[in-house]
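Read through the structure below, which is laid out as C-alpha cells, and then see the notes.
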Amino acid sequence: MNPIKILDDVYWVGGIDWNLRNFHGYLTQRGSTYNAYLIVDDAVTLIDTVKHYLTDEMLDRIAWIVDPSEIKYIVANHVEMDHSGALPRLMEICPDATIITSPQGEKGLRAHYRKDWNFKVVQSGEEVSIGARTLKFVLTPMVHWPDNMVCYSPSDKILFSNDAFGQHIATSERFDDQFYVDIIHEEAMKYYANIVLPYSQQVRKVLEDAATLDIEYIAPSHGIIWRSYVSWILEFYQRWAMNETDNKALIIYDTMWGSTEKIAYAIQKAFEIREIDTSMLLLKNNHMSDIMTEVLTARYICVGSPTLNKNMLPDVAAFLTYLKGLAPRNKVGLAFGSYGWGAQGVNDVDAVLRACDFDMIDKISTQYVPDAKALDEITKKVMEAL
Ligand code: FEO
C-alpha cells in the first residue's frame, strides 16, 4: 500500500473503503476514503487516522516513509470514529506521541477510548511548531461535531479541513484534476446536503476564516484532495451555506392506488407551464439521501402521501423525519395527497413541512380517485400560487 505524495514531505496515508454502501443511513454508492496525512518534519506528524478496520492499510502506507513508531504528534481534528478509530493501535506503536486536539476533542477521545494518552489541547488560532513548519489550528465546532477543528500549514498552503469539503468517493486517484469533476461535484453536494447542511451557519464562519488564509490545497478527510478546483468548491460552499436556491421544484411522493401520483403529475404540469424545472421523485425508487442532494438547491419542496391507517405512508414519514433533521432553509412547501375517508395523511405532511419553517402553499387533497376536472383544478390552483 503506497503513500501518495502531495508536496515534499507531505503525504496522503489514508484508507480506501471500496465497499462502503451505507454511512449511518447515507447511501454511499461510490464507497469512501478516510484520509490521513503524514508530514515529515523534525517532529513527524500524522493528521487524523482512519476507521479501525483500515488501520493496517494506514500503517502500511506510513511505513513506506517512516517507521510509525517515530510519529511524535497526531492531530485529531475530529473525534468521530471514522477518523479516530486507528488511535488505540497507533498509540500502542508510538505511546509517547502527543495528540493535538480541541478542548471538546480531548473530552470526546477520553470518553470514546478511556485511555490516558498525552494530549495537547489547542484553542482557536493557536500554533504548534513541528520543525520547519508551524501548524495553525482553527476550531470549527459543529462542522460536524462539537470537537471539530481544522489544521493549516502556511508553508505548504494546505488546509487539512477534516469533514468540511469532503465527498464519499473510493478511488485510487487522489486529486480533483485526476477524476471526473462532475462526479466530484455531485458527491460534494450530496455530502453537504446529508452531513453538513444543519451546520450551515457554522460553515459560514469557517468560510470567513478560510478567506484569511492563502490556500492552494484543501485536504479533507473523505474523498478527493482539492488543488485545481479550490476556489470552485469554496464558491459552492458559500452558495450552499447561504441557502441559495435554483428555480426548481421537487415533487416527492408515494402512492397506494395511483391517486396521489395523479395529483403529483397535475402539480408537475403547473410548474412546467410556469417554466420551472421539476424532478418527480417516487420514494419507492429513490433513496432519501439522493433526494436530499436535490433538496439542497431546489426552491419548491412538494411532498405527497395518501392516508394509511390515519397516518401518512411510513416511507413518506421516514423521509420527512430525515428532511426535518437536516434543516434545509429558504424553501416553499406544498403538501398533497388523496384519501378515502380521512385526510390525516396530507394534514400530517403539511404539519411537518410547516415545522420545517417552509413558506407554504395551501395543501391539496382529493377523496378517492381525482377525475380530469379535479386534476385541471389542481394544476390551475398551483399555477395561481406560483
Ligand atoms: Fe467523517 Fe464526522 O466524520
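The ranking of E127, E294 from fewest to most other beta carbons within 10 Å of each one's beta carbon is E127, E294.
Along the range 88-96 the Karplus relation, 6.51 cos²θ - 1.76 cosθ + 1.60 evaluated at θ = phi - 60°, assigns HN-Hα couplings of x, 5, 5, 6, 6, 7, 10, x, 8 Hz to successive residues, with x for each Gly and Pro. Summed over all non-identical Cα pairs, the Kirkwood treatment of the range 234-290 gives a radius of 13.1 Å.
Spin-label model, A372 to E235: label points 7 Å out along the Cα-to-beta-carbon direction sit 4.9 nm apart. Where Rh is the Kirkwood radius over the Cα pairs of the chain, the temperature 20 °C and the viscosity 1.002 mPa s, what D in µm²/s does Stokes-Einstein return? It diffuses with D of about 95 µm²/s by this estimate.
Normalising the average separation of contacting C-alpha pairs (under 8 angstrom, six or more residues apart) by the number of residues puts the relative contact order of the chain at 12 percent.
Among H112, H24, H78, the largest mean-square fluctuation in a Gaussian network model of the chain, built with springs joining Cα atoms closer than 10 Å, belongs to H24. Counting DSSP beta bridges with both partners in the chain, what percentage is antiparallel, nearest 5? Bridges in the chain are about 40 percent antiparallel. Below 8 Å, C-alpha to C-alpha, sequence gap of six or more: please give me the relative contact order for the range 249-385 in percent. After rounding, I find 29 percent.
With θ taken as phi - 60° and the Karplus curve 6.51 cos²θ - 1.76 cosθ + 1.60 applied, the whole-hertz 3J(HN,Hα) list for the range 62-71 is 4, 5, 5, 10, 9, 5, x, 5, 7, 5 Hz, x standing for glycine and proline. Each stretch of four or more DSSP H residues adds -39500 (n - 2.57); spread over every residue of the chain, this sum gives -10000 deg cm²/dmol at 222 nm.
For K157, the aspartates and glutamates whose Cα falls under 16 Å of its own Cα, not counting residues fewer than eight places away in the same chain, are D8, D9, D41, E127, D209, D214, E216.
Extension gain, L282-D315: 0.36 nm per intervening residue step, less the Cα-Cα distance, totals 10.8 nm. Extent along the principal axes, Cα only, for the range 249-385: 36, 36, 26 Å, with the longest axis given first.
The mean of 1/r over all pairs of different alpha-carbon atoms in the range 61-137, once inverted, gives a Kirkwood hydrodynamic radius of 13.1 Å.
Its Cα centre serving as origin, the chain has a Cβ charge dipole (Lys and Arg +1, Asp and Glu -1) of approximately 1100 debye. Cβ crowding within 10 Å, taken as a proxy for footprinting-reagent exposure, orders T260, T55 from fewest neighbours to most as T55, T260.
Residue by residue, the range 24-38 carries 3J(HN,Hα) couplings of 5, x, 8, 6, 9, 5, 10, x, 7, 10, 10, 8, 10, 10, 10 Hz when phi is fed to the Karplus relation 6.51 cos²θ - 1.76 cosθ + 1.60 (θ = phi - 60°); x denotes Gly or Pro. In the range 1-102, one over the average inverse separation of all distinct C-alpha pairs is 13.7 Å, which is the Kirkwood hydrodynamic radius.
Look at V128, V382 and count the other Cβ atoms within 10 Å of each Cβ; fewest to most, that gives V128, V382. Given springs between every Cα pair under 10 Å in a Gaussian network model of the chain, which of T212, T33, T255 has the largest fluctuation? Comparing T212, T33, T255 in a Gaussian network model of the chain, the most mobile one is T212. Quickly work out the S129-to-D42 label distance, labels modelled 7 Å from Cα along the C-beta direction, and quote it in nm with one decimal. Taking the two extended label points, one gets 0.6 nm.
Remark on N118: its backbone amide H falls under 5 Å from those of I99, a criterion applied only to residues 5 or more positions apart or on other chains, H modelled at 1.01 Å from N. Beyond 31 Å between alpha-carbons counts as too far, so tell me which of K72/K190; K51/K205; K5/K248 fall in that bin. K72/K190; K5/K248, as the Cα separations exceed 31 Å there.
Any read-out appearing in this document is the output of simple, stated calculations on the displayed coordinates, not a laboratory observation. These numbers come from a predicted model, not from an experiment. Cβ: placed from backbone, ideal geometry, glycine included. Neighbour counts: every protein chain shown.
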